[in-house]
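The values are calculated or read from the model by the stated rules, or taken from the named source; none is laboratory data. Keep in mind it's a predicted model, so treat the numbers as computed, not measured. Cβ coordinates were reconstructed from backbone atoms using ideal geometry, including for glycine residues, and neighbour counts include every protein chain displayed. Areas reflect the complete protein model, heavy atoms only, side chains present, ligands, DNA and RNA absent. Shrake-Rupley method; radii C 1.70, N 1.55, O 1.52, S 1.80 Å.
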Amino acid sequence: MMRAPTILFAALLAHLCAGPAQAAEAAPWLNRDLSPDARAELLEAQMTQDEQLLLLKGYYGANVKMSWIKPAPLSIRPLLPGSAGYVPGIERLGIPALRETDAGVGIANTNWMRPGDQATAFPSGLMNAATWNPDLIFASGSAIGAEARDRGFNVVLDGALNLAREPRGGRTFEYAGEDPLLAGTIVGEQIRGIQSQHVISTTKHFALNDEEIGRTVLSANIGEAAARESDLLAFEIAIERGDPGAVMCSYNRYNGVYCCENDFLLNHVLKHDWSYPGWVLSDWGGVHSTVDAANNGLDQESSSGFDRQEYFGDPLKRALQDGTVAPRRLQEMVHRILRTMFDKGLMDEAPPAQQPSAHVDAAVRSAEEGIVLLKNEQNILPLTRSAKTIAIVGAHANIGMLSGGGSSQVVPLGENPDDEVFVGGPVHVLPNGARLMPLGREIYDPPSPLSAIAQEVPRAKVRFMAGNDISDLARRVATADVVIVFAEQWMTEGEDVKDLSLAGRQNDLIAALAAANPHTIVVLETGGPVLMPWLDKVPAVLETWFAGSGGAAALAHVLFGQVNPSGRLPITFPQSETQLPRPVLPDPGSSYAPFDVNYFEGADVGYRWFARQNLKPLFPFGFGFSYTSFALSGFSATTGDAISATVSVTNTGTRDGAETVQLYATPPAAASVPRLVGWSKVSLRAGETKSVTIKTEPRLLANFDPAGDVWRIAAGTYSLSVGSSSADAALSTSVALAAREIKP
Ligand code: BGC
């Protein structure tokens, strides 16, 4: 139902050509001096009901035939951008179409693949969180925003933020770990960075979509106070910092009710308590009703072809006619979308350049800071350049760095679509010329770590040793000066990993190589935590997550000491699955009948669960070594609106480096465990001392009181500690706080 340009549009154009003053007269909503709300109201007044309904329904953005997706109408098909989503614009009023792309780790172009259509693969969300560096993630967010804009997109489906309650969750790599303050801060900055490029970013998946198996039927059950203090707090912080234009409601149910028709989540928490002014769009296939969804807070059906039937469009029109959805609700839905388009510059900015750009430098910088040094016995790292032979084994290290699968999959720069190994399988060419990536298979982001390492030591023999025969490989690496063994754990949307063990015979391979050569270094490329039965047999372990297009260079810089590792774990590494709140994953069976997952650990997610149960993990949250050492001294704290803690940090080693000073607080209630309440990442020259001041996030000192709809800080003594991880209370003190309420 695209409308031909009308007289008003022609008049608008004429006035636009005549100059800004006349344009603003014919189309007063173009007046930038007015607020986004006022501009939206002026525009809404010009719209027919059919036009308003048009804004509330989107289509899958790729014009491909798949049995489970109902195709867009013929009139829309030629306009589809070949990406995740498309909402038609209204030409006569100058309202642009919403062209939506996934971008969890860069512009996800698997559905839009023409030769040469590649994008920068950025580090995974978990690796971003491992940097503990909000400024850096703002910068990589703005690079993602620029890449989206340059490719003609104006909505970026990023801001992925679900707490890692289940480290086996298939999208753990896309999210920002287990702590609400760290995750909310990092993702909030990424959103702010993306939107600095005049494109809208979402935050998703709202809420408690913390695991993949059965995600469309499971009910995540957790009491209100616990949800507010954990998963919802992460979103609250990200929304405050990042001001995302849209929130994507999730597939799952929360306490029995689908999230895209959940009055509590959408109306009560998001729109009322948090005064969120943007709009709620559904996950693809996440809508289950018309009247309940519309009345309970959903503003836009993202991809009607993915839902079991169309719920907005004509059904919503009928609901408006029979009065089950009130006209003022329609106004509100439209207003939220339009005011956000004004607010984020979609109505005013010049159209995107459509000159695909790349930002490998930004990707290298975040990967460098996200690599975590987990072990470094006798300072085997950094490697000296005197090594003459380096043997490299495992995980296609001669091809690229592993990436995560699903809707966030990027076709990476340097990928050769005809090369089966680069992309994990042959590219599928559809009759209309579109090219589909082999989703459901591992994809390796070039360049290869092999080449990046070889570049660092041009005179050494750097060899990739292929083969499945472990004893043969062990024999061949025995005489090398250094062995670098790459081990991988692939994760993808839509599935959880069955356990935290490295798949196949990788554990045996590492143990055999370490036995054959004591200079065996392990490089992990994993979506999240893995178990390490060989840990005491190897001298060094680096966690590189899914590091993207900048990963190989970043790794080489860390291996040879050009970069001193400063990443810290944003998630606990358990010793075994038995330490997790739910040692066994749910099994929805073949019927996929609805089932419950009870989050009885409440707000004590990750390290807080480990503290509560008095469990010792393999590696604690916040942990990571450096090539230098740090000492803390002179810890003190003052109280006011929030607690402010001051501590001196000294680089006691011989190399420059960066320490992440973490502040944990334990509220007075008997069952409380320490919570991260603030941190500071500080760069120090060798021998240098700096004083850092960390302000606490007050909601992390509080508990949520659902009866009063308010955060309450209890009167009493709060223990405070600073250290280099959740398990390292290097210095401690305490402060007394008076009782206080904080309105959400
Ligand atoms: C994912 C979303 C994604 C959407 C569009 C869904 O399956 O859960 O994260 O944005 O697809 O590709």
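crowded, with 18+ Cβ neighbours inside 10 Å and either free of Cβ contacts under 8 Å to residues at least 24 places away in the same chain or of a type in the set (Lys, Arg) (or both): which single residue out of ARG685, ARG699, ARG740 fits that description? Steps first, answer last, please.
Details: ARG685 fails: crowded, with 18+ Cβ neighbours inside 10 Å; ARG740 fails: crowded, with 18+ Cβ neighbours inside 10 Å.
One residue alone meets the criteria, ARG699.
Kindly indicate whether ALA665 is surrounded by 19 or more Cβ atoms within 10 Å (Cβ to Cβ) and in contact (Cβ under 8 Å) with a residue 24 or more places away in the chain. Yes: the conditions hold for ALA665. Look at the stretch 34-60: where a residue is among the hydroxyl-bearing types (Ser, Thr, Tyr) and a partner is buried (at least 21 other Cβ atoms within 10 Å of the Cβ) and not in a helix (DSSP H, G or I), sitting 6+ places away or on another chain with Cβ atoms under 6 Å, you get TYR59/ALA72; TYR59/TYR86; TYR60/SER303. Here VAL393 meets the list (1) over 23 Å from SER140 (Cα atoms); (2) within 16 Å of the ligand (Cβ to nearest atom); (3) not hydroxyl-bearing (Ser, Thr, Tyr) almost entirely, failing just condition (2). Can you tell me which residue is farthest from the chain's Cα centre (by Cα) among those in the stretch 17-39 that are modelled with pLDDT of 85 or more and charged (D, E, K, R)? Per the criteria, the residue is ASP33.
Select from the stretch 242-269 the residues that are in a helix (DSSP H, G or I) and either buried (at least 24 other Cβ atoms within 10 Å of the Cβ) or touching a residue at least 60 places away in the same chain (Cβ under 8 Å) (or both) and list them in ascending order. Residues satisfying the conditions are GLY242, CYS259, CYS260, GLU261, LEU265, LEU266, VAL269.
For the stretch 24-63, which residues satisfy the criterion of being assigned to a loop (DSSP other than H, G, I, E, B), buried (at least 17 other Cβ atoms within 10 Å of the Cβ) and of a type in the set (A, V, I, L, M)? Quick ask: steps written out before the conclusion?
As a first pass, look at the stretch 24-63 and keep what is assigned to a loop (DSSP other than H, G, I, E, B): 27, 31-35, 45-48, 56, 58, 61-63.
Then drop every residue that is not buried (at least 17 other Cβ atoms within 10 Å of the Cβ), which leaves 27, 47, 56, 58, 61-63.
Those that are assigned to a loop (DSSP other than H, G, I, E, B), buried (at least 17 other Cβ atoms within 10 Å of the Cβ) and of a type in the set (A, V, I, L, M): ALA27, MET47, LEU56, ALA62.
Can you find even one residue in the stretch 164-184 that is assigned to a helix (DSSP H, G or I) and surrounded by fewer than 24 Cβ atoms within 10 Å (Cβ to Cβ)? Talk me through it step by step, then tell me what you get.
Let us first name the residues in the stretch 164-184 that are assigned to a helix (DSSP H, G or I), namely 180-184.
Checking the rest, the ones that are also surrounded by fewer than 24 Cβ atoms within 10 Å (Cβ to Cβ) come to 181.
Yes, the stretch 164-184 contains at least one residue that is assigned to a helix (DSSP H, G or I) and surrounded by fewer than 24 Cβ atoms within 10 Å (Cβ to Cβ).
Could you identify the single residue in VAL597, VAL563 that is touching a Leu at 6+ places or on another chain (Cβ under 6 Å) and in contact (Cβ under 8 Å) with a residue 60 or more places away in the chain? Don't jump to the end; show me each part of the working.
On the way: VAL563 fails: touching a Leu at 6+ places or on another chain (Cβ under 6 Å).
From the options VAL597, VAL563, the qualifying one is VAL597.
A single entry from ASN267, ASN296, ASN255 fulfils the requirement of being away from the ligand (no atom under 15 Å from the Cβ) and touching an Asp or Glu at 6+ places or on another chain (Cβ under 8 Å): ASN296. Against the definition (modelled with pLDDT under 95 and either open to solvent by less than 60 Å² (accessible area, probe 1.4 Å) or over 23 Å from ALA658 (Cβ atoms) (or both)), how does GLY624 come out, yes or no? Answer is no for this residue. Would you check if SER282 is within 16 Å of the ligand (Cβ to nearest atom), open to solvent by less than 10 Å² (accessible area, probe 1.4 Å) and either modelled with pLDDT under 95 or outside the structural domain of SER219 (by TED's automatic domain parsing) (or both)? Spelling it out, it is not the case that SER282 is within 16 Å of the ligand (Cβ to nearest atom), open to solvent by less than 10 Å² (accessible area, probe 1.4 Å) and either modelled with pLDDT under 95 or outside the structural domain of SER219 (by TED's automatic domain parsing) (or both).
Within the stretch 396-409, the set of residues being within 16 Å of the ligand (Cβ to nearest atom), in contact with a Ser or Thr (Cβ under 7 Å, 6 or more places away or on another chain) and either open to solvent by 10 Å² or more (accessible area, probe 1.4 Å) or outside any strand (DSSP E or B) (or both) comprises GLY404, GLY406, GLN409. Being open to solvent by less than 10 Å² (accessible area, probe 1.4 Å), farther than 23 Å from VAL156 by Cα and either touching a strand residue (DSSP E or B) at 6+ places or on another chain (Cβ under 9 Å) or within 16 Å of the ligand (Cβ to nearest atom) (or both) is true for just one of ALA220, ALA207. Which residue is that? Among ALA220, ALA207, only ALA220 is open to solvent by less than 10 Å² (accessible area, probe 1.4 Å), farther than 23 Å from VAL156 by Cα and either touching a strand residue (DSSP E or B) at 6+ places or on another chain (Cβ under 9 Å) or within 16 Å of the ligand (Cβ to nearest atom) (or both). If you go through the stretch 494-530 and keep only what is surrounded by fewer than 21 Cβ atoms within 10 Å (Cβ to Cβ) and within 16 Å of the ligand (Cβ to nearest atom), you end up with GLY494, GLU495.
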